[in-house]
Amino acid sequence: MRELQEFTKKYQKELNYHIKEDSYERSKESILMNHMLLSTEVAEIAELLRELFTITNEKKIKGFDEVEAFRYAKREISDDLGKEISDCIAYLCKLANFFERDIEKDFYDKMEEVKQRVKK
Ligand SMILES: [Mg+2]
């Protein structure tokens, strides 16, 4: 994850996609734009999941066994799902980089917090 964060930091600077820091207004605009883009990417994942179930149903109607139909649909959307997850990661890395967060550390800390909460 640290490599991904480092990569996105350079990549986004190179393409001028990074969150701007030259003024409060520019930062505010960049942060809000990043959030809207991230939300769009999350919605694109939802769209693919809808497609997953649509394809499954269409295959079932054509006489495919449910498990087989679902397996087929999973394969059909898999590449695109990977792309949308990548888009989400890029926008999350951009946000984390702006706040100088170490996502890997934050992630493991948060998972431990959840585990402790669940075990109570
Ligand atoms: Mg996308």
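With each label modelled as a point 7 angstrom along the Cα→C-beta vector, the ILE61-VAL42 pair spans 3.2 nm.
Volume of the convex hull of the stretch 8-61 (Cα atoms only), normalised per residue: 76 Å³.
Label zone of GLU113 (point 7 Å out along Cα→Cβ, amide N under 15 Å): in the stretch 14-48 this covers no residue at all. Can you work out the base-10 log of I(q)/I(0) for the stretch 72-120 at q = 0.26, 0.32 1/Å, using the Debye formula on its C-alpha atoms alone? Log10 I(q)/I(0), no solvent term: -0.88, -1.05. Which of the residue pairs LYS60/LYS83; LYS60/LYS115; LYS20/LYS105; LYS20/LYS110; LYS9/LYS110 have a Cα-Cα distance greater than 30 Å in the structure shown? Too far apart for the 30 Å limit: LYS60/LYS115. Could you state, as a whole-number percent, how many of the C-alpha pairs of the stretch 4-120 are farther apart than 24 Å? Percent of Cα pairs beyond 24 Å in the stretch 4-120: 49.
Every number in this text was worked out from the coordinates using simple rules, so none of it is lab data. Everything numeric in this text was worked out from a predicted model, so none of it was measured. When we count neighbours, we look across all protein chains shown, and the Cβ atoms used for this are built from the backbone with ideal geometry, even at glycine.
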